[in-house]
Amino acid sequence: METNLCKNPAKVGFPIPSKVSRTTKPETTLVNVSGVMVGGSDIVIIAGPCVVESQEQLFETARAVKAGGARILRGGAFKPRSSPYNFQGLGEEGLKLLSSVRKEIHLPVVTEVMDTRQVELVASYADMIQIGSRNMQNFPLLKEAGLCGKPVLLKRGMMSTIEEFLLAAEYILNQGNDQVILCERGIRTFETSTRNTLDLSAVPMLKRLSHLPVIVDPSHGTGLRWMVPAMAKAAVAAGADGLIIEVHYKPEEALCDGHQSLNLDEFTRMMTDLEKIAQAVGREISL
Ligand code: PEP
Ligand code: MN
């Protein structure tokens, strides 16, 4: 019987699913997000608000993050919120705002999809679709994402192992879509001083086991605005191919995750520091 699994290059305790394995494909996959290449020597910064709130909020934030060196704009239109009474996002109106700001600012956009029934709609507006932590093992959604014709940003489940993460990515590749970026965003541990425990050891591990590019989300990984720049720098030093950072033009007024969102000045300062770290590890950030 064909197992479709590879011999294990890192001697970890599990077989590596074959399509995502570096044994199957030694060179790192370049993911093309409407012309922005992720997985090459350039470290790609994705930045923007947790959730799209208004034209002004998205436009002002997008303009500033682009000026600071971000290459892709983030912003949720369909939000997975723990409480059903919290703001759930603007839905299709949010997608329309993303698409109009993209035209004006010239930044590709990534936004989350939570449901198989939304994939076609979200993919029609976005340059890359995001599958969030809570849906990493939503297998029908992974399969649908594999068929949507757009790159996929797959976030690690907050209680998922590296093996489960790679198997989830394999579902997408199995549909013929190898344009997948893996994102470490923190896992749940006994620690409560940070929102999650950002598992930076996942970066070298994933890069060793898989040819897919790996990025890090220090915003959800820590939940603390003041800690984001330090962990962003650490992620670049650990070999991440990019970062996804929450930024808001007025974090104190944000409808979601303001406490972990950088303001515009903080983002600009962080980018200057990141450039030096990138150089130190033989990479570039085009500011
Ligand atoms: C997000 O990036 O908007 C998000 C909800 O993150 P996560 O799925 O990692 O919690
Ligand atoms: Mn958020």
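The values are calculated or read from the model by the stated rules, or taken from the named source; none is laboratory data. Worth saying up front: this structure is predicted, and the values here are computed from it rather than measured. Every residue, glycine as well, gets a Cβ built from its backbone with ideal geometry; the counts of neighbours run over all protein chains shown. Side chains are part of the model used for accessible areas, which takes the heavy atoms of the whole protein and leaves out ligands, DNA and RNA. Shrake-Rupley method; radii C 1.70, N 1.55, O 1.52, S 1.80 Å.
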Filter region 240-257 down to residues that are closer than 23 Å to residue 200 by Cα and within 13 Å of ligand 1 (Cβ to nearest atom) and give me whichever is surrounded by the most Cβ atoms within 10 Å (Cβ to Cβ). 246
Would you be able to tell me the number of residues in region 173-191 that are open to solvent by less than 20 Å² (accessible area, probe 1.4 Å), assigned to a loop (DSSP other than H, G, I, E, B) and within 16 Å of ligand 1 (Cβ to nearest atom)? 2
It is to be established whether one or more residues within region 206-213 are modelled with pLDDT of 95 or more, outside any helix (DSSP H, G or I) and among the charged types (D, E, K, R). no
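Could you list, in sequence order, all residues of region 9-33 that are touching a residue at least 40 places away in the same chain (Cβ under 8 Å), open to solvent by 30 Å² or more (accessible area, probe 1.4 Å) and over 26 Å from residue 228 (Cβ atoms)?
Within region 9-33, 9, 12, 14, 19, 22, 24, 25, 26, 27, 30, 32 qualify.
Residue by residue, here is whether (1) open to solvent by less than 10 Å² (accessible area, probe 1.4 Å); (2) farther than 19 Å from residue 43 by Cα; (3) touching a helix residue (DSSP H, G or I) at 6+ places or on another chain (Cβ under 8 Å) holds:
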site	(1), (2), (3)
210	yes, no, yes
217	yes, no, no
238	no, no, yes
260	yes, yes, yes
So, in region 51-98, how many residues would count as being open to solvent by 20 Å² or more (accessible area, probe 1.4 Å) and either assigned to a helix (DSSP H, G or I) or more than 16 Å from ligand 1 (Cβ to nearest atom) (or both)? 15
Select from region 126-172 the residues that are charged (D, E, K, R) and in a loop (DSSP other than H, G, I, E, B) and write down the one among them that is nearest to ligand 2 (Cβ to nearest atom). 156
Could you check region 158-170 and list, in sequence order, the residues that are within 15 Å of residue 145 (Cβ to Cβ) and out of contact with any Pro (no Cβ under 9 Å at 6 or more places or on another chain)? 165, 168
